[in-house]
1. Report yes if some residue within region 333-342 is open to solvent by 50 Å² or more (accessible area, probe 1.4 Å) and touching a residue at least 24 places away in the same chain (Cβ under 8 Å); otherwise report no.
2. For region 363-386, give me each residue that is in a loop (DSSP other than H, G, I, E, B) and either at positive phi or open to solvent by 30 Å² or more (accessible area, probe 1.4 Å) (or both).
3. Can you name the residue in region 194-206 that is over 14 Å from the mean Cα position of the chain (by Cα) and surrounded by 23 or more Cβ atoms within 10 Å (Cβ to Cβ) and is also farthest from Ile245 (Cα to Cα) among such residues?
4. Looking only at region 273-301, how many residues end up being closer than 16 Å to Val362 by Cβ and under 21 Å from the mean Cα position of the chain (by Cα)?
5. Could we say that Asp345 is in a helix (DSSP H, G or I) and buried (at least 19 other Cβ atoms within 10 Å of the Cβ) here?
6. Of the conditions (1) modelled with pLDDT of 95 or more; (2) open to solvent by 20 Å² or more (accessible area, probe 1.4 Å); (3) touching a helix residue (DSSP H, G or I) at 6+ places or on another chain (Cβ under 7 Å), Asn244 satisfies every one except a single condition; which number is it?
7. Can you name the number of the only condition in (1) over 23 Å from Arg126 (Cα atoms); (2) among the hydrophobic types (A, V, I, L, M, F, W, C); (3) open to solvent by less than 10 Å² (accessible area, probe 1.4 Å) that Trp83 fails?
8. Please go through (1) free of Cβ contacts under 8 Å to residues at least 24 places away in the same chain; (2) among the polar types (S, T, N, Q); (3) surrounded by 19 or more Cβ atoms within 10 Å (Cβ to Cβ) for Thr51 and return the number of the only condition it doesn't satisfy.
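The values are calculated or read from the model by the stated rules, or taken from the named source; none is laboratory data. Every value quoted in this text rests on a predicted model; they were computed, and no experiment measured them. Methodologically, a virtual Cβ is constructed for each residue, glycine included, from the backbone with ideal geometry; neighbour enumeration extends over all protein chains shown. In case anyone asks, the SASA skips ligands and DNA or RNA and just uses the protein heavy atoms, side chains included. Shrake-Rupley method; radii C 1.70, N 1.55, O 1.52, S 1.80 Å.
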Amino acid sequence: MDQQILTDVLRQEIREGKIPLSLGKTCPVECAFCYEKDHSYRPTVEVPRTTEQQWRNILEEIKKIPTRPSHSWLLGGNEYMEWTDIFLHPRVMDWLEEFLDTTDKRVTFFTVGFVQPERIHRLAERYPGRINFELSVITLGEQRKKLLPHGPTVRQLMKILDGPAVTSANFYSFGPNTMSEDAKTISRINKDCLLWMGCLTPLKYIDRDTSELMRYGRRHLAEESRKIYYADLPNTQMLHTEPNISTFLARNKILKTFDASELEKNDHVVVSGCVYRILKTFRPHRARYLYVPNATLGGDSDCSTLLTFSDIAKRLSNETRVYIPKVIMEHPSRGERDISGVTFDEFKSWFPRIRFRVLHKVNTHVSNKKLYEKGYLRNYVEDYLGNPLHEKVEATPLPN
């Protein structure tokens with residue numbers, strides 16, 4: 001690889017708060033559910049395996065950046081590089097320890113469990129409050145081998161969970177007695193880590209059998225969630241993964257935000273499916289809602305943040321004024337770009353006769369804030385499952 005291209009990519013990842021380590025190859029774990037199977041929707045660079053000299057350069061570059069108390073550096077690049085389980089790199093534990101030793105910065109990392117349990121627990125004890133370790137348990141049950149064909153053993157996960165290192169453990173519903181049994185097992189071993197639960201969403205490049213398993217798990221999410229709710233486990237419990245659930249729980253904020261946007265009845269407003277249903281139910285005449293499917297990612301995806309300008313372009317016809325939520329164009333690398341990297345200016349040039357406006361109040365800050373405020377399992381059981389109104393909202397048909 002051209003050294004200047006490599007340097008530019010690494011610096012760009014650093015500017016976005018990443019510690020850009022690379023395995024130098026496609027992730028060998030080959031998780032069936034992985035959302036990084038297809039990068040065709042965004043540009044990525046095949047960065048070679050990180051060397052000791054590259055690590056020295058990365059560390060020195062990061063050291064120059066002032067520490068922000070609320071900021072946590074993400075271990076591994078994932079905007080311009082392929083996402084991999086970076087703990088498969090033979091030097092990553094040494095470099096993580098050096099990062100914590102020589103800086104005062106916090107670090108976040110995700111792994112399916114390829115860490116050295118004793119060593120990561122020692123680091124957590126030595127640097128309390130500076131490690132955010134999000135362990136991707138996925139499942140401890142019989143579907144584990146299919147979903148993680150080359151993943152670590154359950155025994156390995158138990159060793160990692162049995163100590164102070166893990167901040168949160170994520171796992172999902174794949175049918176009866178899956179998510180609920182995992183919750184009880186993890187809680188028995190670790191009463192402090194956050195339980196992060198829900199369903200996995202099939203995208204267009206997920207194989208058919210895995211997609212069907214994800215959908216099967218979604219059908220049992222309610223009963224699995226109730227079992228956990230009534231088990232009264234001591235852990236904090238959150239459920240974040242279903243857009244229709246999140247939008248229903250945040251419906252009051254969504255309505256308040258759109259009410260304050262000063263829209264006229266003939267204005268066309270770009271919305272995802274779950275937001276369309278909320279607005280069509282509670283504000284049917286506020287504006288003309290232009291439902292846009294997540295065609296780029298496909299599958300069952302139904303999230304405003306993951307819409308692209310190409311998705312929107314496919315839905316436009318004779319509109320003269322179209323409002324677009326800010327959340328669609330808040331790419332992590334700054335600038336008004338969607339998740340595929342297309343800029344707002346480029347998109348506008350495709351439709352010179354349409355006047356585009358931005359709904360600045362419908363932004364990532366509001367979305368994330370409500371996601372975490374309403375993301376507790378308790379909210380789902382009490383205000384979603386316990387509120388028959390959600391059935392009326394979800395029965396609202398989407399336009400063709």
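1. No, because not a single residue in region 333-342 is open to solvent by 50 Å² or more (accessible area, probe 1.4 Å) and touching a residue at least 24 places away in the same chain (Cβ under 8 Å).
2. Start the filter on region 363-386 by keeping residues that are in a loop (DSSP other than H, G, I, E, B), which leaves 363, 374-375, 386.
Residues satisfying the conditions are Asn363, Lys374, Gly386.
3. From region 194-206, those over 14 Å from the mean Cα position of the chain (by Cα) are 194-195, 204-206; that's our starting set.
Those still in the list that are surrounded by 23 or more Cβ atoms within 10 Å (Cβ to Cβ) too: 195, 206.
Numbers: Leu195: 18, Ile206: 22 Å.
Among those residues, the one meeting the criterion is Ile206.
4. Within region 273-301, residues that are closer than 16 Å to Val362 by Cβ and under 21 Å from the mean Cα position of the chain (by Cα) number 4.
5. On the way: in a helix (DSSP H, G or I): yes; buried (at least 19 other Cβ atoms within 10 Å of the Cβ): no.
So Asp345 fails the test.
6. (1)
7. Among (1) over 23 Å from Arg126 (Cα atoms); (2) among the hydrophobic types (A, V, I, L, M, F, W, C); (3) open to solvent by less than 10 Å² (accessible area, probe 1.4 Å), Trp83 violates only (3).
8. (3) is the only condition that Thr51 fails.
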